[in-house]
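Shown next, in structure tokens, is the structure this report addresses.
The values are calculated or read from the model by the stated rules, or taken from the named source; none is laboratory data. In this text, all values refer to a predicted model and were calculated from it rather than measured experimentally. Virtual Cβ from ideal backbone geometry, glycine too; neighbours counted across all protein chains shown. With ligands, DNA and RNA removed, areas are computed over all heavy atoms of the protein, side chains included. Shrake-Rupley method; radii C 1.70, N 1.55, O 1.52, S 1.80 Å.
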Amino acid sequence: MYKLRPWEGNFKVKAKKINTTSLYAFLTLISVVTAILVILISKGKLIKIFFFPDYNDCLMDFFNSLIEVHTKHPYKDFSVLYPPLANLFFYVLFSFVPLNDLSVLPYSHEEAIRLVGTPNDIRLHQTCMLLFLFTFLVSVLFFVFLMQKFSMPKSNLVIFCLFFTFPMLQAMERGNIVLLPFGITLFFYLYHESSNRILRELSILALAIAFGFKLYPAFLGVLLIKEKRVKDIIKAFIYAILVTIIPLIIMDDLPGLFTWFDILLTYGTDMTALELVVRNIAMLICVLFIVLDVLAAFTKRPLVRLTKSQSLMLIIWLMVLINGNLDGLVLMFTIIPFVLFLKEEPVLNKYNIIEFIVYMVCLLPLGINKLNYYFLPLFLVGGIIRTKMRQDEEGLAGIKL
């Protein structure tokens, strides 16, 4: 009989654990360096892989919105997509612009486009540029302040990396104000379950204000349904109506409400038949799991048990899919469930790797992020199934013990 040597004892080799936060930071570094090299090697020509292809249109989401409210009828004159509260926000900012500094004011979207790149480009005016920088700086500070409230490990490293995510970089390049309603949505999520009544009430108002800027944060109202907070749901609904109607009254543009509805109905309809089918299937999957997740709060034996990050990620996916167009800005909202995921899963393993991949494709500046709108929801479902398998295995282990 073979006799074991001393160094061949019966022992288990411990596999090295991979920290999810550290891996995310490493992948962010690799992605950013790769993107920089690609842009340098192509002498700037391939920057359109990562950003809007029109080089002359940088920051114009902000500046177009700023100039297109001067008539107080942005829906009729310019067919803008922003909700009334966002238009009121830009109208207040525009009141700081000395009109004698603007030699030409457009009265249609086509006229506004023709001014881009000319001596009358609004980006050349000092006051307008300062308004943009102020808005962006306030949004960034608000975002950093709230992210620190998550009290996650290596929080400063995570926050730093988040500024290099695909949606964050795209928001900067477009000059889009999505970071502001995202921060307001973040406030809602952090404090909607607070024991402090004032903060809890403010969080409901924050959800309505975020809706007033970008519409899709309203989907997070599903969290209130899960928590059976009927009064808060009614409050949020009333606040949402107020932040829609009051700005129109202030700007004397109530008829613009119906024009805005018409604009919304035609947004995101330029899809091929195949894209529409795949998108609808993905939406059905998201809705199915969201319904099962909500029902889990009302039953003793739920069919699906989701973690906080998974539950929220499904809601965000539905936001992305309903948004319709390939708009990477909405992906910024995946930051919230991703941070929760890092707290829930500090170590990468075979059960959570699919979800980790989903988040990486959503957030890393890879230049291929548009793929996720149609294919990656299926990866997320795979992650949910794996999580359920892990729960089943843990249950079986408990029985054996």
Taking the residues in segment 88-115 that are under 31 Å from the mean Cα position of the chain (by Cα) and of a type in the set (Phe, Trp, Tyr) as candidates, determine which candidate is most open to solvent (accessible area, probe 1.4 Å).
PHE96
Unmet criterion (only one of (1) in a helix (DSSP H, G or I); (2) surrounded by fewer than 18 Cβ atoms within 10 Å (Cβ to Cβ); (3) not β-branched (Val, Ile, Thr)) for LEU85:
(2)
Condition (residue is open to solvent by 20 Å² or more (accessible area, probe 1.4 Å), free of Cβ contacts under 8 Å to residues at least 12 places away in the same chain and polar (S, T, N, Q)) applied to segment 143-151: is it met by at least one residue?
yes
When you scan segment 60-72, how many residues do you find that are in contact (Cβ under 8 Å) with a residue 60 or more places away in the chain and surrounded by fewer than 18 Cβ atoms within 10 Å (Cβ to Cβ)?
1
If we ask which residues in segment 5-34 are at pLDDT below 55, open to solvent by 70 Å² or more (accessible area, probe 1.4 Å) and not in a helix (DSSP H, G or I), their number turns out to be 6
Restricting to helices (runs of 4 or more DSSP H) lying wholly in segment 255-352: which have 2 or more residues that are open to solvent by less than 30 Å² (accessible area, probe 1.4 Å) and polar (S, T, N, Q)?
308-323
Specify the residue that is farthest from ILE335 (Cα to Cα); the eligible residues are those in segment 138-180 that are within 17 Å of the chain's Cα centre (by Cα) and among the β-branched types (Val, Ile, Thr).
ILE177
Quick one: count up the residues across segment 217-251 that are among the acidic types (Asp, Glu) and open to solvent by 50 Å² or more (accessible area, probe 1.4 Å).
1
For THR118, state whether it is under 20 Å from the mean Cα position of the chain (by Cα), among the hydroxyl-bearing types (Ser, Thr, Tyr) and either over 30 Å from SER22 (Cα atoms) or open to solvent by less than 70 Å² (accessible area, probe 1.4 Å) (or both).
no
Selection within segment 217-236 - in a helix (DSSP H, G or I) and of a type in the set (Lys, Arg)
LYS226, LYS231, LYS235
VAL294: closer than 25 Å to VAL32 by Cβ and in contact (Cβ under 8 Å) with a residue 40 or more places away in the chain, yes or no?
no
Considering segment 66-82, residues that are closer than 23 Å to PHE134 by Cβ and not in a loop (DSSP other than H, G, I, E, B), and then whichever is nearest to the chain's Cα centre (by Cα), we arrive at LEU66
Let me spell it out: the conditions are (1) over 21 Å from LEU264 (Cβ atoms); (2) touching a Ser or Thr at 6+ places or on another chain (Cβ under 9 Å), and ASP57 meets all of them except one. Which number is the exception?
(2)
Could you check, for segment 162-171, whether at least one of its residues is free of Cβ contacts under 8 Å to residues at least 60 places away in the same chain, of a type outside the set (Ser, Thr, Tyr) and within 26 Å of LEU220 (Cβ to Cβ)?
yes
